[in-house]
Amino acid sequence: KKLTANEVRQMFLDFFESKDHTILEPASLVPVDDPTLLWINSGVATIKKYFDGTEEPPNVRLANSQKSIRTNDIENVGYTARHHTLFEMLGNFSIGDYFKEEAIVWAWELLTSKEWYAMDPEKLSVTIYPEDEEAKRIWQDVVGLPKDRIIELEENFWDIGAGPSGPNTEIFYDRGQEYNDLDENHPESFAGGENERWLEIWNIVFSQFNHLPDDTYEPLPNQNIDAGMGLERMIALSQDALTNFETDLFLPIIEKISAISDKVYGKDEVKNTSFRIIADHIRAVTFAVSDGALPSNDGRGYILRRLIRRSVLHGQKLGIREPFLTDLVPVVNEVMGDYYTSLKENEDFVKKIIKREEDRFHETLADGLAILNDLISDLEENNEKTIDGASAFKLYDTYGFPYELTEEFAQERKLAVDEAGFNQEMEAQRERARAARSTEQSMSIQSDVFKDLEEDTEFTGYTETEDTAKIIY
Ligand code: ATP
Ligand code: MG
Ligand code: MG
Ligand code: MG
């Protein structure tokens with residue numbers, strides 16, 4: 001069924017309402033009273049308090065569409081068809097109420113029934129935990145799924161090392177061989193789990209054990225269901241879009257970037273990635289600032305700062321030389337504002353914060369550009385043709401110029417850049433970073449983020465005073 005983004009979301013909520021679930025409003029991206037999380041990163045993150053008994057739930061059956069931010073997916077964004085920093089998770093939860101049979105049967109009904117999403121049941125496959133006989137029986141005998149579309153995977157066990165844990169089952173949609181060809185990083189076979197061809201849409205966790213300190217598992221008195229479906233992926237399937245970005249959620253933002261840059265989306269894979277990254281990041285930044293997070297040097301604020309700077313740099317790759325991010329905010333709010341009504345109320349504030357941050361980064365870039373221009377003039381006077389690796393690296397390290405940007409400016413002046421020399425400097429820097437990290441494993445929450453960003457050629461980490469940016473590793 002071809003549905004708009006709002007219709008896909010609403011249909012999910014209506015379905016679970018019809019199964020006696022109470023629909024929860026989306027919670028703020030900024031966790032409340034939860035020092036273990038930088039961002040709300042899933043539907044269950046906001047309702048843990050009901051699972052562990054710290055608070056009484058309004059109902060034992062709950063459902064929501066929860067905005068979530070996952071920084072561990074940053075390096076996938078723009079490169080895979082299916083990952084975002086900010087996405088919405090459609091969740092249904094049972095707090096000691098229904099269990100495997102209802103969770104599986106309802107998932108199947110919602111996906112395949114003509115009244116609901118009406119997906120082709122032939123296209124759906126599932127994975128289960130090998131020892132989960134019950135889930136296997138339900139998929140086989142109750143749903144009637146053929147054996148060869150029920151794949152046993154050892155990893156299908158949800159466990160954070162302590163407390164509630166249990167097997168899970170994931171549902172995949174087969175997009176066809178063409179999509180496999182798009183995905184260089186994953187093997188042909190479905191047994192390896194999700195890839196671009198077998199799109200993971202839904203993850204249903206059967207929380208049934210308590211993981212004890214002596215590493216044994218005892219059955220939980222209350223068995224819970226924690227199920228999350230990716231809204232953007234469902235929209236892409238419903239609209240038969242090549243990637244999540246070719247949907248009514250993202251195209252208006254991409255079109256605006258196209259108008260600003262005067263570049264066409266869909267022609268060149270390198271530029272496509274920049275379009276997608278900007279469209280992704282501006283959504284995350286707009287939502288996060290609207291929820292009260294502000295750019296800064298650590299924690300949440302650091303991530304925002306990085307998302308904004310990354311967007312500016314991808315804008316540069318599209319030839320956008322002026323600040324432009326605030327012009328995208330109203331577009332995000334137009335697309336998302338029906339469901340997330342506070343976005344429009346906060347629009348002016350969000351624009352002000354993003355503008356200040358973007359302007360500051362432009363100043364740093366301008367300082368770097370002045371240095372680059374001096375350097376180029378010197379080279380021209382001496383009739384030299386190549387910018388040396390060390391200078392290119394200094395521009396990167398101190399002024400935030402990715403190699404490609406330096407190269408682009410150099411080309412405009414008919415000069416080359418010593419890429420091998422640049423890479424050498426970069427490698428030396430990474431070595432120093434590795435040495436520093438192994439002696440100082442104390443970055444706690446942040447370390448994950450730094451690790452994810454490490455291989456990113458554009459930026460790693462910052463420490464920053466008011467007007468200088470210096471990258472640390
Ligand atoms: P993937 O393997 O694709 O990275 P996941 O297994 O890490 O997904 P879960 O933690 O199971 O994801 O989250 C539940 C659902 O949320 C997924 O099945 C998927 O549909 C969606 N989802 C997860 N991460 C993202 C993301 N970064 N962007 C968009 N959707 C996501
Ligand atoms: Mg993931
Ligand atoms: Mg997965
Ligand atoms: Mg999953």
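The values are calculated or read from the model by the stated rules, or taken from the named source; none is laboratory data. All values derive from a computational prediction rather than experimental measurement. All Cβ positions, even for glycine, are placed from backbone atoms using ideal geometry, and neighbour counts span all protein chains on display.
List the number of the failed condition for residue 18; all other conditions in (1) away from ligand 2 (no atom under 16 Å from the Cβ); (2) among the small types (Gly, Ala, Ser); (3) surrounded by 18 or more Cβ atoms within 10 Å (Cβ to Cβ) hold.
Condition (3) is where residue 18 drops out.
Report those helices (runs of 4 or more DSSP H) wholly inside region 393-473 carrying at least 1 residues which are at pLDDT 80 or above and surrounded by 14 or more Cβ atoms within 10 Å (Cβ to Cβ).
Result: 403-412, 419-439.
Looking only at region 60-80, filter to residues that are more than 10 Å from ligand 1 (Cβ to nearest atom) and over 24 Å from residue 24 (Cβ atoms); which one of those is surrounded by the most Cβ atoms within 10 Å (Cβ to Cβ)?
78
Taking region 301-333, which residues are farther than 22 Å from residue 261 by Cα and surrounded by fewer than 22 Cβ atoms within 10 Å (Cβ to Cβ)?
Within region 301-333, 301, 302 qualify.
Do the conditions hold for residue 100, that is, is it more than 16 Å from ligand 4 (Cβ to nearest atom), over 30 Å from residue 269 (Cβ atoms), surrounded by 20 or more Cβ atoms within 10 Å (Cβ to Cβ) and basic (Lys, Arg)?
Answer is yes for this residue.
Pick from 310, 321, 305: which is under 17 Å from residue 400 (Cα atoms), out of contact with any Gly (no Cβ under 8 Å at 6 or more places or on another chain) and in a loop (DSSP other than H, G, I, E, B)?
None of the others qualify; the one that does is 321.
For residue 284, state whether it is surrounded by 18 or more Cβ atoms within 10 Å (Cβ to Cβ), among the small types (Gly, Ala, Ser), modelled with pLDDT of 95 or more and in contact with a His (Cβ under 8 Å, 6 or more places away or on another chain).
In short, yes.
Checking residue 316 against (1) over 21 Å from residue 78 (Cα atoms); (2) at pLDDT below 95: exactly one of these is not met. Which one?
(1)
In the list 76, 72, 59, which residue meets the criterion of being modelled with pLDDT of 95 or more, not assigned by TED's automatic domain parsing to the domain that holds residue 340 and not basic (Lys, Arg)?
59
The rows are residues; the columns are (1) assigned by TED's automatic domain parsing to the domain that holds residue 262; (2) under 13 Å from residue 282 (Cβ atoms); (3) modelled with pLDDT of 95 or more.
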residue	(1), (2), (3)
303	yes, no, no
321	yes, no, no
327	yes, yes, yes
330	yes, yes, yes
335	yes, yes, yes
340	yes, no, yes
354	yes, yes, yes
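Which of the residues that make up region 262-279 are surrounded by 22 or more Cβ atoms within 10 Å (Cβ to Cβ), of a type outside the set (Val, Ile, Thr) and out of contact with any Phe, Trp or Tyr (no Cβ under 8 Å at 6 or more places or on another chain)?
Selection gives 274 alone.
May I ask you to verify whether residue 359 is modelled with pLDDT of 95 or more, in a helix (DSSP H, G or I) and under 24 Å from the mean Cα position of the chain (by Cα)?
no
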